[in-house]
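The block underneath contains the structure these notes are about, expressed in structure tokens.
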Amino acid sequence: MKIVHTESSLGWGGQELRILSESRGLARRGHELTLLCPLEARIYAEAPAWGLRTVALPIATKRIDGLLALRRWLRANRCDVLSTHSSTDSWLGALATIGTRLPIVRTRHISAPVPRNALSRWLYGRAARIVTAGEALKRDLIERTGVREARIESVPTGADPAVYQPGDKYAARIHLGLATDAMLIGIVATLRSWKGHRYLLEALPQGAALAIVGDGPQREALEAQVRAAGLQGRVRFAGNQRDVVPWLQALDIFALPSYANEGVPQALLQAMLAGLPSVTTDVGGIRELAVDGTTALLVPPHDVPALRAALSRLMIEPNLRETLGAAARRHCAERMSHERMLDRMEAVYREAARGYLER
């Protein structure tokens, strides 16, 4: 198949990484992948390293020039399915294909609410198929738009258990220049408010160090919070890391205290595959990974005392850390491998494109 992705977002996070990893995987299966995105988007710069062909179009905002540019490109270039990802490019894609038979697959990556109105019902009814990155997102979309359940497929982002696996903690810390004798908690996430970094800093137990992997708009505010709390010697800002595996292998505990906008977080999946005991929240599709007391510890969003208590408990109970980490890896390896994600997305695209391919 010739699959064309659109992405209007200029940012960088799990959504963009999902597009890239899915595209590379499907390209290896023989499909032809193209990404249409704004020239200034981070994904435009990153995509070539993933082997993904990119075309720059002015689709960062809902403007007539972007709509016309997208429509012209689709008319001039044969594709079998259009895969859209953010609100802006999904609207532009739906409008640009009016009067054509080109099928659209609209993927919802986050749990931000969809407006309850006729336009949303039209958009989601217009797509040949809808994909959500988790069951919770699927249920919410059905309730808000009235779209039939049969039109929506939940396909969480997968990760390769052979890549994300437990490793030599001591060697990882030496490699990264981290203290070898500290109890190390870590978070891997774009520095956005809803990821809950500020709550994690407030909850950091005595005797623990914290590694913050990622970058984003909250960097300056979080660094100021660290200085104000006198935590400079215990908190390391590692920035964006192309390879997060050594950082995960260096940790004792993983934390993701998100309070909004989550699908099934890739970083949490990767941490659990790495055999880490995790503390997180019941937001979006997180519960598909985190079964409280079995594969992770769940705490309420915004609840600093509960977050601190859960982290402290894991610090002093090595058997619980080991039990949760092992169960987390088994759970995720069985249900959310990268190949399983590719199998399901390939089937979604084939079903959506079937009539178009047979014309």
ask   = Once fully extended, how much extra length lies between residue 151 and residue 202, figured as 0.36 nm per residue of separation less the alpha-carbon to alpha-carbon distance?
value = 14.1 nm
key: Fully extended contour minus Cα-Cα distance, from residue 183 to residue 231, at 0.36 nm per residue   = 15.8 nm
note = Surrounding charge for residue 321, neighbours by C-beta under 11 angstrom, Lys/Arg +1, Asp/Glu -1, total -2
task = Read through the labelled values (i) 36, 25, 19; (ii) 67, 25, 17; (iii) 37, 20, 19 and report the label of the one computed as semi-axes √(5λ) of the Cα gyration tensor in Å from the structure.
result = (iii)
remark   = In degrees rounded to 10, the 0-90 angle between helix 87-96 Cα long axis and the longest Cα principal axis of the chain is 10 degrees
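Could you please report the charge total around residue 301, scoring K, R as +1 and D, E as -1 over all other residues with beta-carbon less than 15 angstrom from its beta-carbon?
Values: positive: 192, 195, 198, 287, 308; negative: 202, 262, 282, 292, 303.
Charge balance near residue 301 sits at 0.
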task = Report the label-to-label distance for residue 56 and residue 224 in nanometres (one decimal), using points 7 Å from each Cα along the Cα→Cβ vector.
result = 3.4 nm
Surrounding net charge for residue 27, when Lys and Arg each add one and Asp and Glu each subtract one, Cβ distance under 12 Å = +2
query = If you plug each phi of segment 316-333 into the Karplus form 6.51 cos²θ - 1.76 cosθ + 1.60 with θ = phi - 60°, what whole-Hz ³J(HN,Hα) values come out, in order, with x for Gly and Pro?
reply = 9, 10, x, 5, 5, 4, 5, 5, 5, x, 5, 5, 4, 5, 4, 4, 6, 5
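Hey, what did segment 169-335 get for relative contact order, percent, Cα under 8 Å, at least 6 apart? Could you put the intermediate results ahead of the total?
Details: 311 pairs, mean separation 38.2, N = 167.
Relative contact order for segment 169-335 comes out at 23 percent.
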request  = Would you please give the FRET efficiency between residue 313 and residue 169, computed as 1/(1 + (r/R0)^6) with r the Cβ-Cβ distance and R0 = 22 Å, to the nearest 0.05?
outcome  = 0.65
request  = Between the alpha-carbon centers of segment 57-78 and segment 157-180, tell me the distance in whole angstrom.
outcome  = 42 Å
task = May I ask you to derive the relative contact order of segment 88-191, considering only C-alpha pairs under 8 Å and at least 6 residues apart, and to give it as an integer percent?
result = 21 percent
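Quick note: the coordinates plus some simple rules give every number you see, no bench work behind them. Everything numeric in this text was worked out from a predicted model, so none of it was measured. Quick reminder, even Gly has a Cβ in these numbers, built from the backbone with ideal geometry, and neighbours come from all protein chains shown.
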